[in-house]
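Below you'll find the structure, written out as structure tokens, and then a few comments.
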Amino acid sequence: AVARFETDTPINMSTAGKVIKCKAAVLWEANKPFSIEEVEVAPPKEHEVRMKVMATGICRSDDHVISGALVMPFPIILGHEAAGVVESVGQGVTSVKPGDKVIPLFVPQCGECKNCLNTKGNLCIKTDLGTSAGLMPDGTTRFTCKGKAIYHFLGTSTFTEYTVLHESALAKIDSAAPLEKVCLIGCGFSTGYGAALHTAKVEPGSTCAIFGLGGVGLSVVMGCKVAGASRIIAVDINSDKFAKARELGATDCINPKDFNKPIHQVLMEMTGGGVDYSFEVIGRTDTMIAALASCQYNYGVSVIVGVPPAAQNITFDPMLLFTGRSWKGSVFGGWKSKDAVPKLVADYMKKKFVLDPLITHTLPWTKINEGFDLLRTGK
């Protein structure tokens, strides 16, 4: 689902250097609905950018914070899959200027740390996945509401009319790109598409299985198809997802509820010994093991794409790995964000892939709680 911001007013450049008062969806505590509040958004500090959010998607990772599966401090402004326009820049910002169209990056790219400098890595040390969760790199926040400091989420916080990001956490994109579509490149699409093309490196003629057919899982299906996979098996307990999966390239769709044996056995039998590549795009430990067990015992590769739940460990038979399988994780599809996002937007503009099928509903963002209800009911 994409929540589109109703305020399509042009950027007022006279706000530069001043506190902006605007509306935001604040989550005061876990397992409660969002509250639409007036917040104050401070001007950007050195190497920071303040942007007007024009469109933002709803992602399961946001919902994981609400449920407590992803532990974050409260109160917080969630949202990390978005597109918008630069309102003002802090001192020393060189990569963007006011008026530029941009996509926030929940995996930043500082270009200086060990991971950014290594061709194999994409998880910049400046990510909010570390110790300073909820704060800007300088250890402070740019949001206040009712006199209280409000935490940031993944360095992006897009469920607000204006947000502040570090310069390393946004990418300038084609000024002609439709923001209400390309916002999905900020998380869901790139995460799934890259898991297939970048992390797994799916090969032509191979067999793939995708566990979970939300927006990210469907993007894995698209990636497998583009890579030339000959068989793409889509797995979900919600059969309503199958028509769209087939439309995007799935060759087989199976519902584990239709069988009285474990799903990995079903896949083993269907493929004569397991798939070449499997993807877990749900974020459950039982499906992570099932995905691993369903890939070929000697050279199969299984990729964890769904965010693992907090405080849960996996217990599995090490023989699953001993025989040669590979188990990998993938954050943001393995893309180096600042480099890759503008290229992915350019590919979208050249019609190399579609995004429309991933957008099920477009809501005014004041209906954000309804959007999350649609997510939770599998719609």
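If I go through segment 180-224 residue by residue, how many of them are in a helix (DSSP H, G or I), over 13 Å from Arg246 (Cα atoms) and of a type outside the set (Ser, Thr, Tyr)? Lay out the reasoning, then the answer.
Of the residues in segment 180-224, the ones in a helix (DSSP H, G or I) are 180-186, 188-200, 215-224.
Remaining after also requiring over 13 Å from Arg246 (Cα atoms): 180-186, 188-200, 215-216, 223.
This time we only want the ones that are of a type outside the set (Ser, Thr, Tyr), so: 180-186, 188-189, 192, 194-198, 200, 215-216, 223.
Residues flagged as in a helix (DSSP H, G or I), over 13 Å from Arg246 (Cα atoms) and of a type outside the set (Ser, Thr, Tyr) within segment 180-224 amount to 19.
Among the residues making up segment 349-379, a single one is among the hydroxyl-bearing types (Ser, Thr, Tyr), in contact with an Asp or Glu (Cβ under 9 Å, 6 or more places away or on another chain) and either surrounded by fewer than 14 Cβ atoms within 10 Å (Cβ to Cβ) or on the phi > 0 side of the Ramachandran plot (or both): Thr362. Among the numbered conditions (1) closer than 24 Å to Gly121 by Cα; (2) open to solvent by 40 Å² or more (accessible area, probe 1.4 Å); (3) assigned to a helix (DSSP H, G or I), the only one that Leu292 does not meet is (2). Counting only residues that are outside any helix (DSSP H, G or I) and aliphatic (A, V, I, L, M), which one in segment 225-241 is most open to solvent (accessible area, probe 1.4 Å)? Checking each candidate, the answer is Ile237. Inclusion of Phe332 among residues that are modelled with pLDDT of 95 or more and buried (at least 19 other Cβ atoms within 10 Å of the Cβ) is warranted. Quick one: is Leu105 open to solvent by less than 10 Å² (accessible area, probe 1.4 Å), modelled with pLDDT of 95 or more and assigned by the TED database to the domain that holds Ala16? For Leu105, the condition - open to solvent by less than 10 Å² (accessible area, probe 1.4 Å), modelled with pLDDT of 95 or more and assigned by the TED database to the domain that holds Ala16 - is met. Residue check: Ala311 meets all listed conditions (1) open to solvent by 70 Å² or more (accessible area, probe 1.4 Å); (2) in a helix (DSSP H, G or I) but one, namely (2). Quick check, is Thr141 crowded, with 17+ Cβ neighbours inside 10 Å, of a type in the set (Val, Ile, Thr) and within 16 Å of the chain's Cα centre (by Cα)? The answer is no for Thr141. Tally time: how many residues in segment 357-379 are more than 20 Å from Gly84 (Cβ to Cβ) and assigned to a helix (DSSP H, G or I)? Qualifying residue count, segment 357-379: 8. When you check Gly249 against the structure, is it surrounded by 24 or more Cβ atoms within 10 Å (Cβ to Cβ), without any contact (Cβ under 8 Å) to a residue 40 or more places away in the chain and touching a Lys or Arg at 6+ places or on another chain (Cβ under 6 Å), yes or no? Against the criterion (surrounded by 24 or more Cβ atoms within 10 Å (Cβ to Cβ), without any contact (Cβ under 8 Å) to a residue 40 or more places away in the chain and touching a Lys or Arg at 6+ places or on another chain (Cβ under 6 Å)), Gly249 does not qualify. Among the numbered conditions (1) crowded, with 22+ Cβ neighbours inside 10 Å; (2) over 27 Å from Leu105 (Cα atoms); (3) not β-branched (Val, Ile, Thr), the only one that Asn298 does not meet is (1). The set of residues from segment 49-89 being surrounded by 18 or more Cβ atoms within 10 Å (Cβ to Cβ) and over 24 Å from Ser190 (Cα atoms) comprises Pro75, Ile76, Glu87, Ser88, Val89. Scanning segment 252-283 for residues that are in a loop (DSSP other than H, G, I, E, B) and either surrounded by fewer than 16 Cβ atoms within 10 Å (Cβ to Cβ) or within 25 Å of the chain's Cα centre (by Cα) (or both) turns up Asn255, Phe259, Asn260, Lys261, Pro262, Gly272, Gly273, Asp276, Val281, Ile282, Gly283.
Checked against the criterion of being closer than 27 Å to Cys124 by Cα and among the β-branched types (Val, Ile, Thr), the candidates Val345, Val354 yield just one match: Val345.
The values are calculated or read from the model by the stated rules, or taken from the named source; none is laboratory data. This one's a predicted model, so the numbers in the text were calculated from it and none came from an experiment. Counting neighbours? That spans all protein chains shown, and the Cβs are built from the backbone with ideal geometry, glycine included. Note: areas computed on protein heavy atoms with side chains; ligands, DNA, RNA excluded. Shrake-Rupley method; radii C 1.70, N 1.55, O 1.52, S 1.80 Å.
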